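Here is the structure we will look at, set down as structure tokens.
The values are calculated or read from the model by the stated rules, or taken from the named source; none is laboratory data. Predicted, not measured: the structure shown is a model, and the values here were computed from it. Cβ: placed from backbone, ideal geometry, glycine included. Neighbour counts: every protein chain shown. Areas reflect the complete protein model, heavy atoms only, side chains present, ligands, DNA and RNA absent. Shrake-Rupley method; radii C 1.70, N 1.55, O 1.52, S 1.80 Å.
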Amino acid sequence: MVQPLLQATNISHSFDYPLFTHIDFTIEPTQSAAIVGRSGSGKSTLLHIFSTFMKPNEGKITLLGNNLYSLSDKEIESLRRYDIGIIFQFHYLFKGMSALENIGVATMLSDEQVDDTILKKLEIDHLMSHKTSELSGGEQQRVSIARVLSKKPRIIFADEPTGNLDEETADLVMDVLIDYIKETGAALILVTHDKSMAARCDEIYTLEDQALKK
């Protein structure tokens, strides 16, 4: 029996108002899942709960075999460093450093090597000596994605990773992400407004009326 990489049970959360209640979600190796929904529906909050950054009001998260919110801060930090990849809509690169140096920071922290194959697939291998300020927005985003994938994460959480990219580059990025999880046995959880990007995933979930629906 295949063990899920992430299993969420009975997740509920609210701020000044209820965001969602009694959400169950499971993802297994090589699977990809998209979560779509209107702005304010709680998609990013749910992703933060899944990915170690926010404890839900109720419910349980089992991430990579760990009861997530019973772990110590040190154990959670280890998961983030070695096993989890998080891709944001904005790239958060280190200014003043080259593209290669940015990627190298992540691989050094995770005891990995910069993966030239990933650089080629993202079509940024010729940009490694460039400072981040010399790169276009799309190039910077692809460098940030290479930084995440070079860590060799076992599960990837992506919050609008193609939101600022043109259609051709967005398709390229999705090709690389899907190939990565198929080749490595990782999984991808994608939050997006883009229906065409969501359609690339194995499953599509809609967060609406405080529930997560297939």
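How much of the DSSP beta bridge set in the chain is antiparallel, as a percent to the nearest 5?
On the way: 17 of 34 bridges.
In the chain, DSSP labels about 50 percent of beta bridges as antiparallel.
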Scalar couplings 3J(HN,Hα) for region 180-189 by Karplus 6.51 cos²θ - 1.76 cosθ + 1.60 (θ = phi - 60°), nearest whole Hz, x for Gly and Pro, are 4, 5, 5, 6, 10, x, 7, 9, 10, 10
Listed by chain and number, the residues whose amide H is under 5 Å from that of I35, excluding neighbours fewer than 5 places away on the same chain and using placed H, are L190, V191, T192, Y205
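Kindly provide the helix-only [θ] at 222 nm of the chain, computed as the sum of -39,500 (n - 2.57) over DSSP H runs of four or more divided by all residues, to the nearest 500 deg cm²/dmol? Spell out each step's value before the answer.
Details: 7 runs with 70 residues, N = 214.
My calculation for the chain gives -9500 deg cm²/dmol from helical runs alone.
Using a Förster distance of 35 Å, how high is the FRET efficiency between E58 and Y92, based on the Cβ-Cβ distance and rounded to 0.05?
0.70
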In terms of the charge dipole of region 71-214, which places +1 on Lys and Arg and -1 on Asp and Glu at the beta carbon, the residue among I86, L119, G138 farthest towards the positive end is I86
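Indicate the gyration tensor shape class of region 40-79 (rounded, prolate or oblate), computed on the Cα atoms with a ≥ b ≥ c the square roots of the eigenvalues: a/c under 1.5 is rounded; otherwise a/b larger than b/c is prolate and the rest oblate.
Details: a/c = 2.22, a/b = 1.82, b/c = 1.22.
Because a/c hits 1.5 or more and a/b exceeds b/c, region 40-79 counts as prolate.
Got a number for carbon plus sulfur as a percent of the chain's accessible area, 1.4 Å probe?
Numbers: 5040 of 10520 Å².
Reported share for carbon and sulfur atoms: 48 percent.
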Measure of exposure for H22: accessible area at 1.4 Å probe, Å² rounded to 10, is 120 Å²
Probe 1.4 Å, heavy atoms of protein chains only: per residue, the accessible area of region 79-214 in Å² is 48 Å²
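State whether region 153-214 is rounded, prolate or oblate according to the following rule on the C-alpha gyration tensor (a ≥ b ≥ c being the square roots of its eigenvalues): a/c under 1.5 gives rounded; otherwise a/b larger than b/c gives prolate, and the remaining case gives oblate. Provide the component values of the computation, followed by the final result.
Working: a/c = 2.07, a/b = 1.22, b/c = 1.69.
Because a/c hits 1.5 or more and a/b fails to exceed b/c, region 153-214 counts as oblate.
Do any of K55/K195; K182/K213; K121/K182; K60/K152; K120/K182 go past 22 Å between their Cα atoms, and which? Walk me through the numbers before you get to the answer.
Numbers: K55/K195 28 Å; K182/K213 25 Å; K121/K182 15 Å; K60/K152 26 Å; K120/K182 18 Å.
Those over the limit are K55/K195; K182/K213; K60/K152.
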Karplus-derived 3J(HN,Hα) from phi for region 194-207 (6.51 cos²θ - 1.76 cosθ + 1.60, θ = phi - 60°), whole Hz, x at Gly and Pro, runs 8, 5, 5, 6, 4, 5, 6, 8, 5, 10, 10, 10, 10, 9
For region 14-22, Karplus-derived ³J(HN,Hα) couplings (6.51, -1.76, 1.60; θ = phi - 60°; whole Hz; x for glycine and proline) come out as 8, 10, 7, 8, x, 8, 7, 9, 6
Counting sequence-distant residues (5 or more places) and residues on other chains, those with an amide H built under 5 Å from that of D115 are none
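Would region 64-213 count as rounded, prolate or oblate if I go by the C-alpha gyration tensor, calling it rounded below 1.5 in a/c and otherwise prolate when a/b exceeds b/c, oblate otherwise? Each step should come with its number before you reach the end.
Working: a/c = 1.77, a/b = 1.17, b/c = 1.52.
The shape class here is oblate.
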